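Enquirer: Sharing a structure with you now.
Please treat every number below as a calculation from the coordinates, not as lab data. As the structure is a computational prediction, the values presented were derived from the model and not from experiment. Positions of Cβ are backbone-derived with ideal geometry, glycine not excepted, and every protein chain shown enters the neighbour counts.
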Amino acid sequence: MKAVIMAGGKGTRIASITNDEIPKPMLTVGGKTILEHQIECLKKSGVDEVIIVTGHLGEKIRDYFKDGSLLGIKISYYEEDPNKPLGTAGSLYYLKDNIEEDFILIFGDVFLSIDFNKMAEYHHKHSSDATLLTHPNSHPFDSDLVVVDDTSKVTGFDSKENNRDYDYKNLVNSGIYMFSPRVFDYVPEPKKCGLEKDVIAKMITFGDKVYSYHSTEYVKDMGTPERYYSVNDDYANGLCEHRNLSHKQKAIFLDRDGTINVHIPFLVNKNEFELIDGVSEAIKMINSSEYLCIVVTNQPVIARGECTFAELDGIHKRMETLLGRDGAYIDGLYFCPHHKDKGFPGEVPELKFDCDCRKPKIGMLLKAAEDYNIDLSESIVIGDSTLDIKMAENANMKSILVKTGQAGLDNKYEVRPDEVAEDLLSAVKMIIKSEERRR
């Protein structure tokens, strides 16, 4: 398999560190250049040939990596004229004769730890022409966002330049792609063009299969000094490698109503969604830890006909928007729309059955574990009801009951949580402190 690394940018935002003496992909993390980290990660996933597109100070890259033999991989180069940059996609015109199969494309200023085999499996499963690795981040309000349908097919982009007076899903384009050779049809001449605006957007318009591959793995744009130093800290703490999905993950599973947001029985109006004090700070702590942050929630309002899937999606976008404004994000969200009891006006018959996902059953936990390679025995459930604690018991997991929301007074099950905390922030602090003691 081949990969293309776009390493031709000037890196003006990080010039205070490079001093215009090295291209930004040659900055080091843990004693290795960013490009070297990328190439080693690609090689682990079976990539045997890399084409590096160079531009400004490109000779520094060529002199360092040469033909790649020292890294055990074949490296070739395409050199752009630094005075006539071709944007993020123009150089593809010159590569089409060298690439005949599906290939990976990444930007050279992205630090990553990715299991590309999982991404390739997803790409081929969907017979995709373009697959974008997407993820939530801590600053969606100033990021370009990807818009998807309920099958994860990409339907468009939400530019950071838009006046976002609306709620949105925190789904960011990471700068990591997998393409079929079909992509070359959209670069028919050698001129400056953008990968997102001029290529992928047109692929969507003309009906090509473009999918979002949602990943919890470590991917960070290192375009600013602040983000560069943050990556160095994460690398030194082992977080980058830990998040690679080739390793088993740990997760903190959060209930929604009464744990994250103020408890309103059978919430159906997004305008009534309100974060509990301290929740954003708690989730930011999870984001900075080795744990993934996964929401699992029963939403019988769908089966009861009191809320549509679109309206529920609106509630969840409100949640992600409010968290994002505070620099927090969730890694995944699972909900059960079923409810076996009948007799509600407007109920949806096809959703009225005894499913495997409604808490306290563990179907949502199992699906998350499959999607993100999670070790449930090393994970924790936090919730405000006996349903949450019983679900944890059924999965042989640890649990923390919070005193917000129902505070365990629903009395549906006789359970005993491992710990009790005042709220989500207190619960997360308890977990992090315990982790520090274990180290």
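Enquirer: Applying a 10 Å radius around every beta-carbon, put 64-70, 396-402 in order of their mean neighbour count, most first.
Expert: Ranking, from highest mean packing down: 396-402, 64-70.
Enquirer: Let me know the Kirkwood hydrodynamic radius for segment 318-439, please, with Cα pairs as the basis and the value in Å to one decimal.
Expert: Evaluated on segment 318-439, it is 16.2 Å.
Enquirer: What nm distance separates the two modelled labels at residue 416 and residue 189, each placed 7 Å from Cα along Cα→Cβ?
Expert: Calculated label separation equals 7.7 nm.
Enquirer: OK, next. For segment 2-229, just the Cα set please: Rg and Dmax, both in angstrom.
Expert: 16.8, 52
Enquirer: Under 14 Å from the Cβ of residue 200, count the other residues' Cβ atoms, weight Lys and Arg +1, Asp and Glu -1, and hand me the total.
Expert: Net local charge, residue 200 excluded: -2.
Enquirer: Suppose only helical runs count, i.e. DSSP H with n ≥ 4. What mean residue ellipticity at 222 nm does that imply for the chain under -39500 (n - 2.57) per run, divided by all residues and rounded to the nearest 500 deg cm²/dmol?
Expert: Value at 222 nm, helices only, nearest 500: -7500 deg cm²/dmol.
Enquirer: Listed here are the pairs 220/367; 118/153; 118/192; 284/433; 96/192; 403/429; which of them are more than 24 Å apart at the Cα?
Expert: Beyond 24 Å between Cα atoms: 220/367; 118/192.
Enquirer: While we're looking at this one, here's another question. Taking each pair of distinct Cα atoms in the chain once, what is the resulting Kirkwood hydrodynamic radius in Å?
Expert: One decimal place: 23.2 Å for the Kirkwood radius.
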